[in-house]
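Taking it in order: structure first as structure tokens, then the write-up.
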Amino acid sequence: MKAPAIVAVATCICALAVGAKEFEVYGWWVIGDEYISLERYKEARAAGFTSLMQCAGVERMKKYLDWAQEAGIKIGVQHSQMLKNPEPVIEALKGHPAILWWHLKDEPHLTNYAHLAEIARRVKAVDPDPSRPVYVNMHPMGDGGAGDLRWKGTTNYVEYLERGVKEMNLPFLSLDHYPCRMAPFKGERPYVQPEHEWFVSSNWYENLEIATKIAESRNLPLSLFACCTTFSCVAYEHPTPSRATLRLEVYSALAYGAKSIQYFTYYTPEYRKPLWFRDACLERDGRRGLAYERVKRMNRELHARADNRFTDATRIATAHTDPVPNGTVKLTELPPFVKRLEAKGALLSLLRRDDEEIFMVVNRDLNRFMRLDIDIEPGVNRVLEDGEVVDAELYGKTYRLEPGYAEIFLFKRNDNN
């Protein structure tokens, strides 16, 4: 599958996945101290999370890290002194095997880059181990053009990301964009039953294109988000995520070469007008939220299909069928093992892992099924929802993809391919 301006990239060995084949799944937002326990960490692990964010003083953090290690997860470490006097914190904790990364900043302004670069240098001077990188999450593209970009310190989003990666010497590129939305509700909160159809933000895929190209140009891993928490904005709503929204965000991230998924959020954030948060995996009263079982099911599917496969895969090309989203590439050529393909509103991606070609077809529609007509060569396998790999010839040439779902095909190359 070839397309203009898309080239093969070298496989990157990243701090996020060194020595690990399980796909990284990170839960955002700090759990309240009153709810942290070994059992809570096991609960997160049972839902498919491999890591969680946590903030605490050094002594409490040591206890939390011990619990996390016993539960089989890692911790993204936050501390109130991280941006002021990080050395004592890093020195006290750096030897713990349950540390995922050192959390520095979320969505920085361009004017923060110099300070964050200096903090990152100080952190790594104390803990040079690349398996515990520093973490900075970048802004997504705004919806209002230059007006949204000015408060990031520039009117050029590419400049914002490129300068961030370079000036802060980021070990990987992380950014959040929550594209699955609805028109504003008129009903009373909490709203469990959506009132409208889902829609996808107009520049989400353009945002992924930009981020992927910047990450690949510097041989950096890419980490992308999926939204699992209800919250409101002025112009639209983020209702309780559905199976379709979780699938679309996760599978689109895989298609663009992401090496980890971050969920916003595991613990429900406090109310911040107008962002009225609710329904995360863990509510503020300590009970499981509406998202817990939905995310658990999504993570079970993700691990079944991505572990030991997408962890080591290199993106070769990504393209779309009509209607082609803004800022993306239209499909012009298929992989050699695909003789014919017809699908409206599809995201297609070709990835490579050793001698295996991975071909994804994602239904971009959040509300409707997509018909996929595909004619493939003998020897192609299909990866089912539960991770089972079967001969694609056992099936016909027409598929019906649920909203947000992805069909995944595998083809073993040989010297003649």
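Binning at 5 Å from 0, report for region 200-323 what percent of all alpha-carbon pair distances ends up in each bin.
2, 10, 19, 20, 18, 16, 10, 5, 1, 0
Between Lys94 and Asn308, what is the spin-label point distance in nm, taking each point 7 Å from the Cα along the Cα→C-beta axis?
3.5 nm
So what is the calculated 222 nm ellipticity per residue for the chain, using -39500 (n - 2.57) for each DSSP H run with n of 4 or more, over all residues, to the nearest 500 deg cm²/dmol? List each step's numbers first, then the result.
Values: 9 runs with 104 residues, N = 417.
Dividing the helical sum by the residues of the chain leaves -7500 deg cm²/dmol.
So for the pair Arg300, Glu270, with labels modelled 7 Å out along Cα→Cβ, what separation do we get in nm?
Placing both labels 7 Å along Cα→Cβ, they lie 3.6 nm apart.
Let me check the size of region 53-105 from its C-alpha atoms; what are the radius of gyration and Dmax in Å?
According to the Cα coordinates of region 53-105, Rg and Dmax are 10.1, 31 Å.
Lys330 accessible area, nearest 10 Å², 1.4 Å probe?
For Lys330, the solvent-accessible surface is approximately 100 Å².
Evaluate the charge dipole of region 43-96 about its Cα centre and quote only its size in Debye, nearest 20, assuming +1 on the Cβ of each Lys and Arg and -1 on the Cβ of each Asp and Glu.
Working: 7 positive and 6 negative charges, 15 e Å.
Value, rounded to 20: 80 debye.
Could you do me a favour and compute the accessible area per residue for the chain, 1.4 Å probe, result in Å²? It would help to have the intermediate numbers written out before the result.
Values: 17260 Å² over 417 residues.
With the other protein chains kept in place, the chain gives 41 Å² per residue.
Given labels modelled 7 Å from the Cα in the Cβ direction, how far is it in nm from Arg284 to Glu159?
Taking the two extended label points, one gets 3.9 nm.
At 0.890 mPa s and 25 °C, plugging the Kirkwood radius over alpha-carbon pairs of region 106-264 into Stokes-Einstein gives what diffusion coefficient in µm²/s? Kindly include the intermediate steps, with their values, before the conclusion.
Numbers: Rh = 16.9 Å.
Reported coefficient: 146 µm²/s.
Taking all protein chains as present, what is the carbon and sulfur share of the accessible area of region 252-356, in % to the nearest whole number, probe 1.4 Å? The partial results should precede the final answer.
Details: 1870 of 4170 Å².
Here carbon and sulfur together make up 45 percent of the probe-accessible area.
Leaving ligands, DNA and RNA out of it, work out the accessible area of Trp276 with a 1.4 Å probe and give it in Å² to the nearest 10.
The accessible area comes out at roughly 70 Å².
Counting DSSP beta bridges in the chain, what percent are antiparallel, to the nearest 5?
Working: 43 of 73 bridges.
That works out to approximately 60 percent antiparallel.
Using +1 on the beta carbon of Lys and Arg, -1 on that of Asp and Glu, and nothing else charged, what's the dipole of the chain about the Cα centre, debye to 20? Could you put the intermediate results ahead of the total?
Values: 55 positive and 57 negative charges, 93 e Å.
With only Lys, Arg, Asp and Glu charged at Cβ, the dipole is about 440 debye.
Which residues' amide hydrogens lie under 5 Å from the amide hydrogen of Arg278, considering only partners 5 or more residues apart or on another chain, with H built in the peptide plane?
Under 5 Å from the amide H of Arg278: Thr230.
Subtracting the Cα-Cα distance from 0.36 nm times the residue separation, let me have the gained length for Glu195 to Val58 in nm, one decimal. List each step's numbers first, then the result.
Values: separation 137, 0.36 × 137 = 49.32 nm, distance 4.59 nm.
That works out to 44.7 nm of additional length.
Using amide H atoms built 1.01 Å from N in the peptide plane, name the residues 5+ places from Gly404, or on other chains, whose amide H lies under 5 Å from its own.
Answer set, sorted by chain and number: Asn363, Asp365.
How long are the semi-axes of the ellipsoid equivalent to region 37-174, from square roots of 5 times the Cα gyration tensor eigenvalues, in whole Å, largest first?
Values: eigenvalues 176, 66, 27 Å².
They are 30, 18, 12 Å, listed largest first.
So how strong a dipole does region 112-154 carry about its Cα centre when Lys and Arg Cβ are +1 and Asp and Glu Cβ are -1, to the nearest 20 debye? Kindly include the intermediate steps, with their values, before the conclusion.
Details: 6 positive and 5 negative charges, 29 e Å.
Using only the charged Cβ atoms, the result is roughly 140 debye.
If one computes the Cα centroid of region 276-311 and of region 96-158, what distance in Å separates the two points?
Each part's Cα centre sits 25 Å from the other's.
If I build a Gaussian network model for the chain, linking alpha-carbon pairs within less than 10 angstrom, which residue out of Thr311, Thr229, Thr321 has the largest mean-square fluctuation?
Thr321
What figure, in Å² to the nearest 10, do you get for the accessible area of Arg340 with a 1.4 Å probe and non-protein molecules left out?
90 Å²
Calculate log10 I(q)/I(0) of the chain for q = 0.06, 0.10, 0.11, 0.12 Å⁻¹, where I(q) comes from the Debye formula with a single equal point scatterer on each Cα and nothing for solvent.
The calculated log intensity ratios at q = 0.06, 0.10, 0.11, 0.12 Å⁻¹ are -0.23, -0.68, -0.83, -0.99.
The values are calculated or read from the model by the stated rules, or taken from the named source; none is laboratory data. Bear in mind the structure is a predicted one, so any value in this text is a computation, not a measurement. Methodologically, a virtual Cβ is constructed for each residue, glycine included, from the backbone with ideal geometry; neighbour enumeration extends over all protein chains shown. For accessibility, only protein heavy atoms count, side chains too; no ligands or nucleic acids. Shrake-Rupley method; radii C 1.70, N 1.55, O 1.52, S 1.80 Å.
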